[in-house]
1. Would you mind stating whether Glu138 is within 16 Å of the chain's Cα centre (by Cα), farther than 26 Å from Leu61 by Cα and surrounded by 12 or more Cβ atoms within 10 Å (Cβ to Cβ)?
2. For His93, are the conditions met, namely being under 19 Å from the mean Cα position of the chain (by Cα), surrounded by fewer than 18 Cβ atoms within 10 Å (Cβ to Cβ) and part of a helix (DSSP H, G or I)?
Amino acid sequence: MTGRAFFHLTLPLLLLAAAGCLPLQSRTSADSPPYSKSRQVKTIALERLNPADFPPEIKRLEKAIDSANSSALEKAANQHRLALLYLLPANPHRDLHKGAVALQSYVKLIPDGLDKQENSIWLQLLQDRISQENSLKELEERSGLATTALEKEKQQLSQQVQDLTNRNARLKQDLEKLKMIDLSVEKKRKSYR
């Protein structure tokens, strides 16, 4: 199986694994991305990456992609691996947006590939997920603002209740004083008769 055909056949499974839908299996050297023999780079299998390994591996891939002397196939393989690294649930700094951008770059580098339609579907799913997450963040912000407004209103109402309770207590005291005055006036009036 050629390296290109490998990518076209396994991309859906790798994306499912990256999304956490499938368990990752150990990779053999035959499963590795197709690097030219002269420029083979030692890579860590995706399932063996520790959370601390993600940032340096991502930086290494970004440098390799930006390298002018990389072949289109190497750049495509690096973009594909970069997309997977951004999308893996094990990545502590998982970034769906960057993963979608890397996958789109991979599709642009190999536009006539067998998996062009599948990549388009995965990209659309990622964009939908990103859109949903953005909507969720917006709703959470609105909810937070509404909660803050409700808390302020609750505090204001509590303060009003406290003020009214205090006023009511003062009025009761005044009423008691008035009753006492009324009783004393009545006693004095009776005493003058």
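1. So Glu138 does not fit the description; no.
2. On the way: under 19 Å from the mean Cα position of the chain (by Cα): yes; surrounded by fewer than 18 Cβ atoms within 10 Å (Cβ to Cβ): yes; part of a helix (DSSP H, G or I): no.
In short, no.
Rule-based calculations on the coordinates, nothing more; no lab input. Just so it is clear, the model here is predicted, and its values are computed rather than measured. For neighbour counting, all protein chains shown are included, and Cβ atoms are generated from backbone atoms with ideal geometry for every residue, glycine included.
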